[in-house]
Amino acid sequence: MRQNLDVVSAYVIMLGLIILVGIFQSWNIALSILCFCLISAVMTMGANIQWGYAGLINFGIMGYTALGGLAAVLVSVPPVKEAWQIGGLNMILCAFLIAFMVFSIRFIIKKHKKSSKRNYAIAIVIIVGLIILRLISGPAIESIEAVSPATTGFLGGMGLPILFSWIVGAFFAGGLAYVIGKIALGLRADYLAIATLLISEIVIAVIKHEDWLSRGVKNVIGLKRPVPYEIDLQTKEWFINLVEKFNQGTLNLITDTLEKQQLLKQLVIESSTVFVKLCFAGLFIAVVTILLIITQKALYSPWGRMMRAIRDNEEAANAMGKNVVKQHLLIFVLGSAIVGIAGAMMVTYDGLFTPGSYRPMRYTFLIWVMVIVGGSGNNFGAILGGFAVWFLWIEAAPIALFLISFFTSGLEETNALRMHLIDSIPYFRYLMMGIGLLLIMRYRPKGILPEKIKHI
């Protein structure tokens, strides 16, 4: 009962803060914060599954996020026909060649015992394969990237609804996690963290520099939306009538027809952005709710209890006949797949794909702070951490400006100290994040909503 009360209280406070932003700043900003909080919540659930359930430290969060974003591009963008005609066949051949190399290496490993001959055979397969790949892909890539580089310069995608990319992003991230897990899950916790971080950097570097795949740092803009565009809403009769009805009291106070029309036009423009963000928020809430139900059922299922047992004592779980490596691989894939969904959601919301913005050394640790602050091992805590940290990350500057203005109200606007503090506002974000994290670690070391084990 007490646990449920804590959860409700924490979420009511968080919702109240977002509402206050809507009242004192704008509902557009408040809904933007809500949408990004929901996306962050999906990421934290993925990280929490890996760390909170199984004790796996994965610092490759941004790599899986980038793969989710790449999925949004490959699914929703229409194919560039000229690029496919010039170099598409060659890139398909390269994909088959890579698959052949992988199966060849697996065959060699299975059929031959560890020896220098096996190592030489694997090396020959890799070297010969890379040479052939270069010969096939090199001219094709140059031709593809030369096709209208200002607007395309890549193969494009499948031209499907972008919502499909949320599922595809999960498969992309889960597939990469499976490969990484087969290689790195045997490493000690700190080595695993370093390995996943480095692999994340490699994934992002590939996406940034392979223009034929996703335009690289030139970015992909104008992605499809699952919700209406603001400009389209502003011309719809039903939407204009809805806005007029909703603001009837304000409009009736104006007697001048021209002034009333201008105000209505402005209200329609503002309301269109709010309506679009409400639609996005509805979609994201649906995803978070579905994932929360699934993860909660998994957490308190026999499988969830087994994962916590493995987390707490691997040797004892192994002695009881549990396949620790297999279960670690499974949960590593599941957590990464959820992060991939979040990556596709983020690109869908932004409407553009910017590989240069995926900075593992910065945002990976922000996600981990969310999990720590909320409470690892508790799905509600992980979601709350995503809300709380992202809210503070966005609102740190307005809060800092308010506090500086309040405490320096007696000083002249040209005062050196006042001007220095105002110029330093962007850095207050890190100060507040640090202070907040220290307070949590001091007074709530297990997070705002710590893990609670139900005894059945």
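No lab work stands behind these numbers, since they all come straight from the coordinates. Since we're looking at a predicted model, the values are computed, not measured. So basically every Cβ, Gly included, is an ideal-geometry build from the backbone, and we count neighbours across all protein chains shown.
Towards the positive end of the charge dipole of the chain, with charges on Cβ (+1 Lys, Arg; -1 Asp, Glu), say which of Ser143, Phe59, Asn318 has the farthest Cα.
Asn318
Treat every Asp and Glu Cβ in segment 1-152 as -1 and every Lys and Arg Cβ as +1, leave all other atoms uncharged, and give the resulting dipole magnitude about the Cα centre to the nearest 20 debye.
So the dipole magnitude of segment 1-152 works out to roughly 1120 debye.
For segment 143-229, just the Cα set please: Rg and Dmax, both in angstrom.
Considering segment 143-229 through its Cα atoms, Rg and Dmax are 16.5, 49 Å.
Please report the spacing between the Cα centers of segment 1-52 and segment 54-95 in Å, no decimals.
Using only Cα atoms to place each centre, the spacing works out to 31 Å.
Quick check: Cα centre of segment 355-402 to Cα centre of segment 407-423, how many Å?
Cα centroid of segment 355-402 versus Cα centroid of segment 407-423: 30 Å apart.
How high is the relative contact order of the chain? Use alpha-carbon pairs under 8 Å, at least six apart in sequence, and give a whole percent.
Value for the chain: 31 percent.
Which label marks the calculated value of percent of Cα pairs over 31 Å apart, given the options (i) 44; (ii) 48; (iii) 53?
Here the calculated entry is (iii).
In the chain, which longest range has no chymotrypsin sites (Phe, Trp or Tyr not before Pro) that are both DSSP loop (not H, G, I, E or B) and surrounded by at most 16 other Cβ atoms within 10 Å?
Maximal segment without exposed cleavage sites: 1-228.
Taking Cα pairs under 8 Å and at least six residues apart, what relative contact order does segment 331-456 come out at, in percent?
Taking the mean separation of contacting Cα pairs over the length of segment 331-456, I get 30 percent.
Among all the aspartates and glutamates, which ones have a C-alpha under 18 Å from Lys265's C-alpha, if same-chain residues fewer than 8 places away are not counted?
Output for Lys265: Glu230, Asp232, Glu237, Glu244, Asp256.
Between Asn28 and Ala95, what FRET efficiency follows from the Cβ-Cβ distance if R0 is 45 Å, with the result rounded to 0.05?
That gives a FRET efficiency of 0.55.
Kindly write out, for segment 245-252 in residue order, the coupling ³J(HN,Hα) from the Karplus curve 6.51 cos²θ - 1.76 cosθ + 1.60 (θ = phi - 60°), rounded to whole Hz, with x marking Gly and Pro.
These are the phi-based 3J(HN,Hα) values: 5, 5, 10, 4, x, 5, 5, 5 Hz.
Calculate how large, on average over all directions, the projected area of the Cα convex hull of segment 340-421 is; give the answer in nm² to one decimal.
With the hull built on Cα positions only, its mean projection is 8.2 nm².
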